[in-house]
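Worksheet: one structure, shown below.
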Amino acid sequence: NNFNRASLAWARGHYLSRRYPGKYASDQSIQSAEDLTTDGREYGMQNLGIMVPLLDILNHDSSEDWLRFEVKDETLQVICNVPRNKDQELFSNYGALSNEVLMYAYGFALENNPFDTVTLKLVSGAGDG
């Protein structure tokens, strides 16, 4: 039996790091936490996200809006906005995200990330003027 807490955490991590917005799902019937069998932290299709076969293997590049999505006749169409030639890599733009968010959500960080941030906690000591 391979179903245990570790395998569930692994599967959840893969889902969370590879999902696309649920607004593209054709079934919008889930409206509240009561409609789910989870603990209610994520509810509604717009929050759950959907898996799109093959798109989860695309690497991140924030320099372009690589893809756009359109739903027509209950079909998700993925359209490339950037001209590509045969055998050229296709990317997806995960967003203008800091390395902290990229590492937490997707498991990688970018060298010289223009969207990286640093949080500083400034403490004023008594009597420092």
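All of the numbers you see were taken from the coordinates with simple rules; none came from a lab. Given the structure is predicted, the values throughout are model-derived calculations rather than measurements. Positions of Cβ are backbone-derived with ideal geometry, glycine not excepted, and every protein chain shown enters the neighbour counts.
A few notes on this one:
- For region 2-7, backbone phi angles converted through the Karplus equation (6.51, -1.76, 1.60; θ = phi - 60°) give residue-by-residue couplings of 9, 8, 8, 4, 5, 5 Hz, Gly and Pro being listed as x.
- Backbone HN-Hα couplings from phi across region 102-112 [Karplus 6.51/-1.76/1.60, Hz, Gly and Pro as x]: 4, 5, 5, 8, 10, x, 8, 9, 10, 6, 6
- 3J(HN,Hα) along region 74-80, derived from phi through the Karplus expression 6.51 cos²θ - 1.76 cosθ + 1.60 where θ = phi - 60°, amounts to 6, 10, 8, 9, 10, 10, 7 Hz, with x in place of Gly and Pro.
- For region 52-95, alpha-carbon Rg and Dmax in angstrom: 11.0, 31
- On the basis of the beta-carbon distance and an R0 of 30 Å, M103 and K23 show a calculated FRET efficiency of 0.70.
- Partners for K23 among lysines (Cα-Cα distance below 17 Å; same-chain residues under 8 apart left out): K72
- Cβ crowding within 10 Å averaged over residues, with 75-82, 99-106 ranked highest first: 99-106, 75-82
- Residues whose amide H lies under 5 Å from that of R19, counting only those 5 or more places away or on a different chain, are absent; hydrogens are built 1.01 Å from N in the peptide plane.
- Taking amide H as placed 1.01 Å from N in the peptide plane, the amide H of W66 sits under 5 Å from that of N93, each at least 5 places away or on another chain.
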